[in-house]
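See below for the structure under consideration.
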Amino acid sequence: MKIFEVLQTNEEVECYSYGDSRTFDIELETTSGQIVGQIQCVASDNNGDALFNPDSILDDATDNDAYEAYTVYNIAIKPQFQKQGLGQKLYDAAIEQAKLYGAKYFFSDELMTVDAKNAWIRLSNRYDVSNKGHKKVITLSESILNEYDESKMVNVQTMLQTLLNDLPDGIPTPNIKIVNNRSANWIGSCIWGKDGKNSTISLQKSILFDEYTAKNTLAHELCHHAENMLIKLPWIKEHGIPAYNKYHKTLFPDHGTYFFQFAKIFNDKYGKDFVTEHSDEKDLIADFDKPIYVFMVKGHSPKILCAKSLTLTDKIKKYLLKKAEGSDWKLIETFDRKFSQLPNIGSGLGSYPTQIMTDKINDLWNNGKVVFSPETIKGVTIAPEKFYIFMTKGFNGLNYMTVSTGIPKKNIDFYSRLKNQPEWKLVRSDEHDLAGLVNRFIHLDRQPELNEVFNDLWNHGKVIKERG
Ligand SMILES: [Zn+2]
């Protein structure tokens, strides 16, 4: 009896999303990497008719265009994992993803199996489900939670006008949508129809209670909007949409020269790194009730140098341990979102020229809640690291590997979709110390001294995933 395999092994299942806004897959995996189930959805029109053949979408493409609806293309749960509510979990994740891409409707597939019919009956207890032709459809309205005190919300329209005045003339006022989607990984987005229609900027309600975050997120989206209106639109008028579709990835990368041309206007006025490439991602600011950990170092100059982390992982502790000798530092906890603009710990240290930031930094150094100092970090023990090694094997044997400390979804996704791919495996090692090789691209031809280690891993390592 394998029916309750997931529960018996006490493994959690996690959802991973692959693909782009034209077609996406959600995979449900156990923590050890076993695939439990999968749902594939494709962008469709508002009758639920697919706009693409999901199998013909190229592997390397990323499309961020918005589509009105998504339709389930297929859904499957491995037999031994059925009847545990995992199907509902897959639907939930797919519905969330469709919302993230800005869709209004989520359709069932046309051929509804008995299982699918039952699944949709259960979905109708939790979603707004209706019938359209042979299909079921969910209307994806944004749920508004009442947990916010709206009187304390920033005035988005006033903020928008202020920021628009900073930008060159001739930019229309974009549409603004306030959404409340706590599971999204973005706090702002800018969607544009490229048919000349205005951009729509969406902002998460949760950020509208923090003046600084609201302002720099809106500014980030306005840089996209400005590029859409002042740069891309005239280009399309001259060259047409087919040419745009063909060349836009090279001519207008997501956060390219044009984006930063506008970002510079805001950064000159509101401070360095006010708008960055990532300033509309949730990871950067974390939940508002979670602290930001600020690593502060007093060097030779009077300036205090800083970096931040949103979590206190073993990796961070390891970094601090290395710094324990010979420098005057503190790791301090703060809830002030202004510190979210600091570089991440490990990717450099920043010093900030503005007086406001200097005052804040000095205050944090003198009065902040110290989590670790050079003395206290020495007593901390850190669990040995697990390494994941992604390996491919060609005709001549093992050829390249990458080592990471988490499951490298990108590689797996890439290789699982390519036809005629080489043999590949993702294995885990708890024994070999591969710390020095993490995030490096290793060609065994060029590093024969590693041959033995990797051959051993290929033959005896714990396989997380492999081709087929
Ligand atoms: Zn952006």
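The values are calculated or read from the model by the stated rules, or taken from the named source; none is laboratory data. Please read these numbers as outputs of a predicted model, since none were measured by experiment. Glycine also receives a Cβ, built like all others from the backbone with ideal geometry; neighbour counts cover every protein chain displayed.
Assorted remarks:
- Odd one out for residue 189 among (1) in contact with a Leu (Cβ under 9 Å, 6 or more places away or on another chain); (2) closer than 23 Å to residue 272 by Cα; (3) modelled with pLDDT under 90; (4) more than 15 Å from the ligand (Cβ to nearest atom): (4)
- Subset of the stretch 444-468 (residues that are loosely packed, with under 12 Cβ neighbours inside 10 Å and within 31 Å of the chain's Cα centre (by Cα)): 468
So that you can scan it fast, the table gives a plain yes or no per residue for (1) more than 22 Å from residue 314 (Cα to Cα); (2) within 31 Å of the chain's Cα centre (by Cα); (3) modelled with pLDDT of 75 or more:
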| position | (1), (2), (3) |
| --- | --- |
| 326 | no, no, no |
| 369 | no, yes, yes |
| 372 | no, yes, yes |
| 379 | no, no, yes |
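- Residue match in the stretch 140-157 (condition: within 26 Å of residue 258 (Cα to Cα), modelled with pLDDT of 90 or more and not in a loop (DSSP other than H, G, I, E, B)): yes
- Yes/no for residue 397 being in contact (Cβ under 8 Å) with a residue 40 or more places away in the chain and buried (at least 17 other Cβ atoms within 10 Å of the Cβ): no
- Those strands (runs of 3 or more DSSP E) of the stretch 376-468 in which 1 or more residues are on the phi > 0 side of the Ramachandran plot and not assigned by TED's automatic domain parsing to the domain that holds residue 322 occupy 397-404.
- Yes/no for residue 222 being within 22 Å of residue 368 (Cβ to Cβ), buried (at least 20 other Cβ atoms within 10 Å of the Cβ), among the hydrophobic types (A, V, I, L, M, F, W, C) and touching a residue at least 12 places away in the same chain (Cβ under 8 Å): no
- Residue within the stretch 234-250 that is hydrophobic (A, V, I, L, M, F, W, C), under 25 Å from residue 162 (Cα atoms) and either within 13 Å of the ligand (Cβ to nearest atom) or at pLDDT 90 or above (or both) present: no
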